[in-house]
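Report on the structure given below.
Throughout, read-outs are computed from the coordinates displayed, never taken from laboratory work. Remember, predicted model here, so these are calculated numbers, not experimental data. Reconstructed Cβ throughout: ideal geometry from the backbone, glycine too, with neighbour counts over all protein chains shown.
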Amino acid sequence: MILRPRIRGFICLTTHPDGCRAHVREQIAYVQAKGPLASVPKRVLVVGASTGYGLAARIAAAFGGGASTLGVFFAKPPSEDRTATAGWYNTVAFEREAAAAGLYAKDIHGDAYSDEAKRRVVERIQADWGQVDLLVYSLAAPKRNNPRTGKAPNSCLKPIGAPYTAKTVNTDRLEVHDITLDAATEQDVADTVSVMGGEDWQWWVDALEQGGVLAPGFKTLAYSYIGPKVTFPIYRNGTIGKAKEHLEATAEALRARLAPTGGDARIIVSKALVTQASSAIPVVPLYIALLYKVMKAKGLQEGCIEQMQRFFAVPPAQDAEGRLRIDDWEMRDDVQAEVAALWPQVATANLKELSDFAGYQKEFLRLFGYGLAEVDYEAESDALLMTGTPAVLL
């Protein structure tokens, strides 16, 4: 089958398995070229392991630190008339590369919010490791099936208090225009906090502790974002910001709980990147396109794998709230001043000139396995990889 990208809004409907494999290999090669990572824990559980920061953390831990990794992910497998989602092919590729390198890598495929997934993970850790040293929590989903309430709330991206109008970009038509978002209701806020806050992260730690698999000095990490003031109304001060506040409060509570045994819980504040999640947020894609222009010119640009390799290689600075800041290069005064100067100028006519929208589009397509130099996109796709499954779906 010869595959082409079919894009609808912020989703690509087709995924290229050979391209996903090449993308995973590229990230592995980057980590290996940087040399060993001495500070990586040796038994690492990644919840949300198949794309973005979760996948990057897993690659850095395994191929930089020699860690054994257990991944939890949910992705759609391939069928006769449809490719799998990118997370499926990424996991196939990661497992094959890990096996070739002699690294332990197993996966639980299913709903990470479920009690069943937590039970299966605990049993696998008990059987294979005994204990776990690090939990990386990297879930980003629009909906959460809460097993304890029977409800399935949806998150939303809305301002709080009043409608908000701002500049954004239509990524299909390459048009810069204003968008107005209605204010969130109290239920919108509550639902978003339920989906994207810290409750499920806490439940994961609860399950590991109750299963008796927390190693002495156990640590756990989750991701957040702060960003510049231009994105605050839709992000930090909006519904998703309330969820992030809950996530950060959860980190503080977990930190106090784990401290007596030498453990820790921290939030990693990462930089703005093209991910499937960020592509869906109004305003943010335009900001990212401008940010990439500035950061590339200064030699500061990083993707997920560069961020996670740097995180494990050099202990990041903590802010006043105890968050680990790997958004430090993005938030440099000179970078933000240049982005702020470009923001009021950018329009449809000068989008390509003032921003790196071409780079944004390239990174978006790479999420789905397109645009990798080593892949022949005119060739038939690898049928074995196309129809295969990750090596261990427990």
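Summary of values
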{"read-out": "Nonlocal amide H pairs with Thr220, under 5 Å, H built at 1.01 Å", "value": "Leu135, Asp264, Ala265, Arg266"}
{"read-out": "For the range 64-71, 3J(HN,Hα) per residue [Karplus equation, 6.51 cos²θ - 1.76 cosθ + 1.60, θ = phi - 60°, Hz, x = Gly/Pro]", "value": "x, x, x, 6, 7, 10, 10, x"}
{"read-out": "Set of lysines with alpha-carbon distance to Lys34 below 29 Å, sequence-local pairs under 8 removed", "value": "Lys42, Lys106, Lys219, Lys271, Lys293, Lys296, Lys298, Lys362"}
{"read-out": "3J(HN,Hα) from dihedral phi, the range 299-316, Karplus parametrisation 6.51/-1.76/1.60, rounded to Hz, x for glycine, proline", "value": "x, 10, 5, 9, x, 4, 5, 5, 4, 6, 5, 5, 4, 6, 7, 10, x, x"}
{"read-out": "5 angstrom amide H check on Thr185, placed H, neighbours 5+ away", "value": "none"}
{"read-out": "Vicinal HN-Hα couplings computed from phi for the range 11-16 (Karplus, 6.51 cos²θ - 1.76 cosθ + 1.60; Hz; Gly/Pro x)", "value": "10, 9, 7, 10, 10, 9"}
{"read-out": "Directionally averaged shadow of the chain, computed from the convex hull of its alpha-carbon atoms, nm²", "value": "19.0"}
{"read-out": "Choice from Gly19, Gly262, Gly197 showing the highest fluctuation, given a GNM over the chain with Cα pairs closer than 10 Å", "value": "Gly262"}
{"read-out": "Per residue convex hull volume, Cα atoms of the range 228-372, in Å³", "value": "137"}
{"read-out": "Two-decimal ratio, the range 301-350, of alpha-carbon radius of gyration to 2.2 N^0.38 Å", "value": "1.50"}
{"read-out": "log10 of Debye I(q)/I(0), alpha-carbon scatterers only, for the range 60-178 at 0.11, 0.21, 0.23 Å⁻¹", "value": "-0.60, -1.26, -1.37"}
{"read-out": "Spatially proximal aspartates and glutamates relative to Lys76 (Cα-Cα < 13 Å; intrachain offsets below 8 disregarded)", "value": "Asp111"}
{"read-out": "Pairwise FRET efficiency - Ala253 versus Asp128, Cβ, R0 = 35 Å, nearest 0.05", "value": "0.75"}
{"read-out": "Mean separation of Cα contacts under 8 Å (6+ apart) over length of the chain, as relative contact order %", "value": "23"}
{"read-out": "Fewest-first ranking of Asp128, Asp264, using other Cβ atoms within 10 Å as the exposure measure", "value": "Asp128, Asp264"}
